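Student: Dropping a structure here in C-alpha coordinates format, bear with me for questions.
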Amino acid sequence: MPTYLYKNLETGEIYELVQSMRDDPYTTHPETGVPVKRILARPAIAFKGGGFHANDYRPPESKAREPKAKEPKSGGGSE
(Lines give C-alpha, C1' and ligand atoms only; values in the text may rest on other atoms or scores of the structure.)
Protein backbone atom coordinates (compact mmCIF):
# COMPACT_ATOMS: atom_id res chain seq x y z
CA MET A 1 0.00 0.00 0.00
CA PRO A 2 1.25 3.52 -0.75
CA THR A 3 2.48 6.02 1.80
CA TYR A 4 0.95 9.52 1.80
CA LEU A 5 2.06 12.72 3.50
CA TYR A 6 -0.36 14.45 5.85
CA LYS A 7 0.10 17.77 7.61
CA ASN A 8 -1.24 18.39 11.11
CA LEU A 9 -3.37 21.54 10.76
CA GLU A 10 -2.77 22.59 14.39
CA THR A 11 0.99 22.16 14.73
CA GLY A 12 2.21 21.95 11.12
CA GLU A 13 3.89 18.59 11.77
CA ILE A 14 4.08 16.28 8.74
CA TYR A 15 3.17 12.59 8.99
CA GLU A 16 3.58 9.64 6.67
CA LEU A 17 0.47 7.47 6.72
CA VAL A 18 -0.07 4.21 4.85
CA GLN A 19 -3.47 3.69 3.26
CA SER A 20 -5.05 2.08 0.23
CA MET A 21 -5.29 4.06 -2.97
CA ARG A 22 -9.02 3.42 -2.98
CA ASP A 23 -9.60 4.96 0.46
CA ASP A 24 -10.66 8.57 0.83
CA PRO A 25 -8.00 10.90 2.27
CA TYR A 26 -7.94 11.15 6.06
CA THR A 27 -9.41 14.31 7.58
CA THR A 28 -8.25 13.38 11.09
CA HIS A 29 -5.20 11.45 12.24
CA PRO A 30 -6.28 7.81 12.73
CA GLU A 31 -4.58 7.50 16.15
CA THR A 32 -4.75 10.97 17.70
CA GLY A 33 -7.87 12.42 16.05
CA VAL A 34 -6.28 15.81 15.28
CA PRO A 35 -7.31 17.43 11.95
CA VAL A 36 -4.93 16.64 9.08
CA LYS A 37 -4.74 17.42 5.38
CA ARG A 38 -3.03 15.34 2.69
CA ILE A 39 -0.21 17.21 0.96
CA LEU A 40 1.52 16.54 -2.33
CA ALA A 41 5.11 15.41 -2.47
CA ARG A 42 7.54 14.86 -5.31
CA PRO A 43 7.97 11.24 -6.29
CA ALA A 44 11.33 9.68 -5.46
CA ILE A 45 12.46 8.60 -8.91
CA ALA A 46 16.12 8.40 -9.92
CA PHE A 47 17.02 7.57 -13.50
CA LYS A 48 20.42 5.87 -13.47
CA GLY A 49 22.47 4.16 -16.12
CA GLY A 50 23.00 4.65 -19.79
CA GLY A 51 20.31 4.85 -22.36
CA PHE A 52 18.07 7.47 -20.81
CA HIS A 53 17.63 10.75 -22.66
CA ALA A 54 21.30 11.77 -22.88
CA ASN A 55 22.07 8.80 -25.10
CA ASP A 56 18.74 8.64 -26.88
CA TYR A 57 18.45 12.22 -28.10
CA ARG A 58 22.06 13.24 -28.56
CA PRO A 59 23.53 13.17 -32.09
CA PRO A 60 25.73 10.14 -32.80
CA GLU A 61 29.29 10.46 -31.51
CA SER A 62 30.78 10.20 -34.99
CA LYS A 63 28.90 13.31 -36.14
CA ALA A 64 29.52 15.23 -32.94
CA ARG A 65 33.30 14.73 -33.15
CA GLU A 66 33.83 15.43 -36.86
CA PRO A 67 36.27 18.31 -37.32
CA LYS A 68 34.78 21.28 -39.07
CA ALA A 69 36.29 22.21 -42.45
CA LYS A 70 38.68 25.10 -42.05
CA GLU A 71 38.83 27.86 -44.59
CA PRO A 72 42.28 28.47 -46.04
CA LYS A 73 43.97 31.48 -44.53
CA SER A 74 45.15 34.20 -46.87
CA GLY A 75 48.70 35.51 -46.71
CA GLY A 76 47.46 38.77 -45.22
CA GLY A 77 48.43 40.80 -48.29
CA SER A 78 46.02 43.05 -50.09
CA GLU A 79 45.25 42.37 -53.75
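The values are calculated or read from the model by the stated rules, or taken from the named source; none is laboratory data. The model shown is predicted, which means the values in this text are computed figures rather than measured ones. Heads up, the Cβs are rebuilt from the backbone with ideal geometry, glycines too, and the neighbour counts pull from every protein chain shown. Remember, those area values only see protein heavy atoms, side chains included, never the ligands or the DNA or RNA. Shrake-Rupley method; radii C 1.70, N 1.55, O 1.52, S 1.80 Å.
Student: Please count how many residues of the stretch 24-46 are farther than 12 Å from Tyr4 by Cα, open to solvent by 60 Å² or more (accessible area, probe 1.4 Å) and of a type in the set (A, V, I, L, M).
Tutor: Of the residues in the stretch 24-46, 3 are farther than 12 Å from Tyr4 by Cα, open to solvent by 60 Å² or more (accessible area, probe 1.4 Å) and of a type in the set (A, V, I, L, M).
Student: Right, next: Keeping to the stretch 14-23, report how many residues are surrounded by 10 or more Cβ atoms within 10 Å (Cβ to Cβ) and either modelled with pLDDT under 60 or within 21 Å of the chain's Cα centre (by Cα) (or both).
Tutor: Within the stretch 14-23, the subset surrounded by 10 or more Cβ atoms within 10 Å (Cβ to Cβ) is 14-15, 17, 19.
When the remaining residues are screened for being either modelled with pLDDT under 60 or within 21 Å of the chain's Cα centre (by Cα) (or both), the result is none.
Total meeting the criteria: 0.
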